[in-house]
Structures are given as structure tokens and as C-alpha cells.
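Read the structure below first, then the notes.
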Amino acid sequence: MFARAVVTAAAVFAGVGANVALAGDDEVHGELRSGPALDSDWFGDDIEFAGAPSNGGPYDFILVHSAYFRITDAFVAGDQFSATDATLGLLGLTAMAGPRFATTFGVDPVGEPAWRSGVFQTLEVVLAPGNYSITVTGNGAGGLPAGFYVQLETVPSPAGAAMLALAGLAGAHRRR
């Protein structure tokens, strides 16, 4: 039986509105399977065999606004992962990209430092509003099972980003 849970994120800025995503939950062999929640901490997952889908996937959700879909390896450097959507096909492969900026939401003790480190392969894809069913696979080059983290984070609207910038300037002016 396939059930959908509604995950409502708080308004990014007061009065701007909330972003909503549906995250998939279902039972597979008696185990509850779920995926990343919008604007939440990193979601840990793994693959047991090279080329096999992750144990926690596919990640099924509906986006009302654009969001970043991120993957970071976090255990043994060298593993490469791919993200594929059932409709769109290959979204991308993880690659070495050097140190990254911290994400806005979530501070997982492993996922966030791995994302920022530049040591592990990462992938960031901007997803437009719509329905998604994303499967993550990997090569297991660093050994199996191969663990990784995924995150789904709202892309700030241009108006919201401008409001943050103005608030930062006002705060800096007050401190002087």
C-alpha cells in the first residue's frame, strides 16, 4: 500500500508563503521506507550493491516551488552516485567540486560537514515545481555498503533573497 505524507515547511519569510512537498512513505518487505523532507536535515541512505538502487529510495515527492536536490558521500571518499528521475532520466553524477557553502537548513553531524569538506563527491541539481520519483545508485568504489546523504532544500525566491540582503545591511548599520 502506498501512502503519502504531507510535509509543510514554514514560511521562508513572514508573509511570503509556505512551500509544500509530498514525501513518499511506503512499506518494503515490512520496513518503512522514506526519503528526505523538504528543508530538513540530511537524510542518510546507502546502497548494498554497485548499480543497485538505494535502500531508502525511490524518493517520491511533489514540489510546489523550486528546490535543490543534493547528494554527498560521507564515509569513504571515492564513491560516485547518480540521481535518476523516473520521468526526466539522469539528473546527474556526483563529482569532486571543492569546498561548498553551508546549506541553509539542517545541521546533520555527518552530512553537512561532508557537503562542505571538498573531500567527498557531491551533486546539486535545481528541480522545478513538479512530481518527482528519484532513484540514487552508486558504484561502491570505496566499499559496500556505500553510504551517502541527500537533502531537499527550497531555492529562495529572488524577492526573499533581496529581503534577506536588506535585513543584513540594516543589522550591520545598527551595529555601527
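So here's what we get for this one:
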quantity	calculated
1 or more residues more than 22 Å from Asp45 (Cα to Cα) and either of a type in the set (Val, Ile, Thr) or at pLDDT 90 or above (or both): qualifying strands (runs of 3 or more DSSP E) within the range 93-176	130-138
Any hit, the range 117-124, residues being touching an Asp or Glu at 6+ places or on another chain (Cβ under 6 Å), polar (S, T, N, Q) and surrounded by 14 or more Cβ atoms within 10 Å (Cβ to Cβ)	yes
The lone exception for Ala86 - which of (1) modelled with pLDDT under 90; (2) more than 26 Å from Pro156 (Cβ to Cβ) it fails	(1)
Hits in the range 74-88 (condition: in a strand (DSSP E or B) and of a type outside the set (Gly, Ala, Ser))	Phe81, Thr84, Asp85
Residue that is nearest to Ala114 (Cα to Cα), among those in the range 79-101 that are exposed (fewer than 12 other Cβ atoms within 10 Å of the Cβ) and touching a helix residue (DSSP H, G or I) at 6+ places or on another chain (Cβ under 9 Å)	Pro99
Residue ID - surrounded by the fewest Cβ atoms within 10 Å (Cβ to Cβ), chosen from residues in the range 11-65 that are β-branched (Val, Ile, Thr) and at pLDDT below 90	Val28
Hey, Val150 surrounded by 15 or more Cβ atoms within 10 Å (Cβ to Cβ), under 20 Å from Ser82 (Cβ atoms), in contact (Cβ under 8 Å) with a residue 12 or more places away in the chain and not polar (S, T, N, Q) or not	yes
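The values are calculated or read from the model by the stated rules, or taken from the named source; none is laboratory data. Bear in mind that the values here come from a model prediction, so they are computed numbers and not experimental data. Cβ coordinates were reconstructed from backbone atoms using ideal geometry, including for glycine residues, and neighbour counts include every protein chain displayed.
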